[in-house]
Amino acid sequence: HCLDKLSGVVEDCCCDYTTVNSLNREVLHPILQRLVRTPFFRYFKAKLWCDCPFWPEDGMCRLRDCSVCECPEGEFPENFKGIISPSGGRLSSYDPVCQEGKPQALVDRTLDPKAFRGWAANRDNPWTHDDEREEGDVTYVNLLLNPERFTGYAGPSAARIWAAIYRDNVLAPHDKLAPPESRVLYKLISGLHSSISVHIAAESLLDESANKWGPNVTLLHERVLEYEDRVSNLYFTFLFVLRAVTKAADYLIEAEYNTGNPSDDEQTAVLVQHLVRNEQLQAACPKPFDEAKLWQGKDGAQLLLQLQKQFRNISAIMDCVGCEKCRLWGKLQILGLGTALEILFSEDSPNPPVLQRNEVIALVNLLNRLSESLIYLYDLAPLVEEPSTFR
Ligand code: FAD
């Protein structure tokens, strides 16, 4: 695997791999793990309907609340079968297996009424497609009950989402003419994709009949460790989001973490302060990413609008993810990336923008996922050599 080959400074960032690994393991990861368990950070608001604005021909994307349907083939609604494309041919992308029906793919919507109070949103982020305003349609989800892991979502539906993201919405990584800002967008998506794959590998369903879960190191190797660029893009995304969190330090320290329980809320505020004003981080890696090096080209304003449009498209594509739990984490992490992009690329930089509560929750949970992925990579990579122990 490629971990041994990674050395020096993470490409396009300002810290080296060794420093990032030790800072993450010893300092940031423990804080983040505690932070995402606090009542404030463990609830996320999302519209989880499968309300896909693309591929209208695909019946599965238009099934409202198809998560409650078991969808064995015989019960799949007749009118979604055998749909004919505008050109008259049968659609090859049509997949009659309802991914939503798998129990491991469903979102557990249980809320703890003592720990949770709803909240209102009030502002648009130019990077994201926010449809979480219609309060009637939104769900509040306890993220701790819904870990990101293997769900069984795969096949043409999943492949189509990734293909649409890479093909239509981010520039090819090796395009020599691509401006550095477009490369950033590609790396962020690729790094997030790596992180999702690492979480699938770290918690896989090894034996469905025995409900046995564990790491699938072969999958980790084949999807991530074999590709140096996918691993380095994961580091890049981690450092980019970390930079956004520390850049918004003043704002995050001033913010209210009010859930109605003063001792919980005080603990949350203390943990946030430890994260965003961390002395060890400031000493070892004061600026994980340097956004000031970007936007030097003459067409900056136009490029910014174009990248925002591309990212909004990616955010809208999340409504087409055909597995409820994947959609939940897809939406959360894309919102987290959109928030990081807004903090680092906002027009009134250096002043960070006013953030919504859900954006702050997404940002911190995204950082935690990326931080976990770096830990999993190193903990699981040695097992790759002994594949017989695991699958
Ligand atoms: P995929 O991961 O689908 O990759 C498709 C293609 O993209 C690859 O063939 C390769 O060419 C390219 N690629 C892969 N990784 C990278 C990278 N890091 N950088 C650049 N290019 C890359 N499944 C779950 O079990 N649990 C989940 O929580 C989950 N969440 C998902 C969230 C979203 C938003 C999406 C779109 C899918 C999610 N899935 C989830 C499905 C999962 O990501 C895979 O699509 C699925 O497991 C099939 O994997 P695959 O091997 O076909 O390759």
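Below are the figures for this structure:
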| read-out | value |
| --- | --- |
| Estimated FRET transfer efficiency when R0 is 30 angstrom, pair Asp16-Asp299 (beta carbons, to 0.05) | 0.35 |
| Segment 196-277: translational diffusion in µm²/s, Stokes-Einstein, Kirkwood Rh over Cα pairs, 10 °C, 1.306 mPa s | 100 |
| Sorted peptide list for 311-322, 19-30, criterion being average Cβ within 10 angstrom, highest first | 311-322, 19-30 |
| Inter-part distance where segment 217-240 and segment 9-41 are each reduced to a Cα centre, Å | 16 |
| Computed label-point distance, nm, for sites Leu206 and Asp250 using a 7 Å Cα→Cβ extension | 5.1 |
| Per-pair calculated FRET efficiency, R0 = 25 Å: Asp4 and Lys287 via Cβ, rounded to 0.05 | 0.40 |
| Cα-based equivalent ellipsoid, segment 180-220: semi-axes from gyration tensor eigenvalues, Å | 31, 7, 5 |
| Listed pairs Lys47/Lys287; Lys5/Lys331; Lys247/Lys309; Lys45/Lys298; Lys47/Lys309; Lys5/Lys298 exceeding 28 Å between Cα atoms | Lys47/Lys287; Lys5/Lys331; Lys45/Lys298; Lys5/Lys298 |
| Nitroxide proxy distance, nm - points 7 Å out along Cα→Cβ at Asn261 and Gln33 | 2.0 |
| Chain lengthening between Thr218 and Ala164 when straightened (0.36 nm per residue, less Cα-Cα) | 16.8 nm |
| Solvent-accessible heavy-atom area per residue, rounded to whole Å², over segment 145-220 at 1.4 Å | 41 |
| Probe 1.4 Å, protein heavy atoms only - accessible area per residue of segment 226-354 in square angstrom | 42 |
| Where only C-alpha atoms are counted, convex hull volume of segment 248-391 per residue in Å³ | 192 |
| Peptides ranked, highest mean first, by Cβ atoms within 10 Å: ranges 145-157, 360-372, 35-47 | 360-372, 35-47, 145-157 |
| Over segment 146-305: Kirkwood hydrodynamic radius from C-alpha pairwise inverse distances, Å | 18.9 |
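The values are calculated or read from the model by the stated rules, or taken from the named source; none is laboratory data. Bear in mind that the values here come from a model prediction, so they are computed numbers and not experimental data. All Cβ positions, glycine included, derive from the backbone under ideal geometry; neighbour counts span all protein chains shown. Side chains included, ligands, DNA and RNA excluded: accessible areas come from the protein's heavy atoms. Shrake-Rupley method; radii C 1.70, N 1.55, O 1.52, S 1.80 Å.
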